[in-house]
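To start, the structure under review is shown below, and the notes come after it.
Readers should treat all values here as calculations from the given coordinates under stated rules, not as data from a laboratory. Just so you know, these numbers come straight off a predicted model, no measurement behind them. Note: ideal-geometry Cβ built from the backbone for every residue, glycine included; neighbour counts use all protein chains shown.
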Amino acid sequence: MFWSILNIISPSAWGMSFPHQQELLDYQMNNSNFQKMIRMAGSLKRKLRAAMRNGWLKQEMAVMCDHSVDPKAMDVFDVCMAKAPSVKTIEISLLAWEPAAEGCRRLVTWIARGLLLEQTQIMLRMDLKEAGPQCTERQLLLFALRHNRLSGEIASFLADAPSYLGPGYDTDSDEGGSQPLDEDGWDGRLDGELPVGPLDGRATESIHLPLPLALSVQRCQDDSLEWLAEQEMQLRMGQANNTLHELCLALADKAMLFRTNVRHSSSQATSSRAWGQVTAINVAVNKFTNIYRASR
């Protein structure tokens, strides 16, 4: 019978009257139909997964047979992941939307350069924190080179600020804020932890860049800079999208390390090569997290 459960129930209904027997069998059939309906979703999911897996296996076998003749057949292995608009994409769209005036086009590029400098500041500060006071001479030299390069780029950025923010902007009075670039609590209080020597004058990592959103609301309204703040907001959204994408990739690498290289045992030792890779990924995750916080 189609309703197999009736094979068990029907003998118990032999001694019943016909209406009572019909009522019992109808109840059992309805209950059987209900059980099949509520379990149908799980069964369909299992069948769909099996069909998709078989389709992928057939596709893989076909690609392995044809890739030597047609290299484009390997395109099926490309990762298809939709990405949110990046800083470059938003910058290009703003450049296309802005009027053809040269000053307007340079202004969008100037704001994007400021966001990149802010990101470089955060990464340099985190690298200094990670190195600590016991860094080597080679590390000190590399930090000094990065510090000097960043100082020159920030000086050029600040020199262009009055031409974009208006003649009333004063670099000496407006840049001095030491607003924290992240929320980890080590923004301006690491004097005893950072390496000393070539980096004694390390104010470069704490310079407050004069971006439109960093100015007060009243200042933007008085100087008619609201449209600049809107453009910076769009570019910051692109920066946040880039950071979230990098975070996803870093966390995926970390998950793969735990799945393949890291040996799970009762030991608490974390000095192996695999755990060193995990630590490096954690450092990258912390950097991207702080950059994301700054872009919000």
ask   = How big is the range 226-296 by Rg and Dmax over its Cα atoms, in Å?
value = 16.9, 58
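Could you compute the net charge surrounding Ala84? Neighbours are other residues with a C-beta less than 15 Å from the C-beta of Ala84; K and R count +1, D and E count -1. Provide the component values of the computation, followed by the final result.
Values: positive: Lys83, Lys88, Arg236, Arg296; negative: Glu91, Glu246.
Combined, the nearby Lys, Arg, Asp and Glu give +2.
What FRET efficiency comes out for the pair Ala155/Leu213, r = Cβ-Cβ distance, R0 = 25 Å, nearest 0.05? Don't jump to the answer; show the numbers that get you there.
Working: r = 21 Å, r/R0 = 0.86.
Step by step, r from the Cβ atoms, then E = 0.70.
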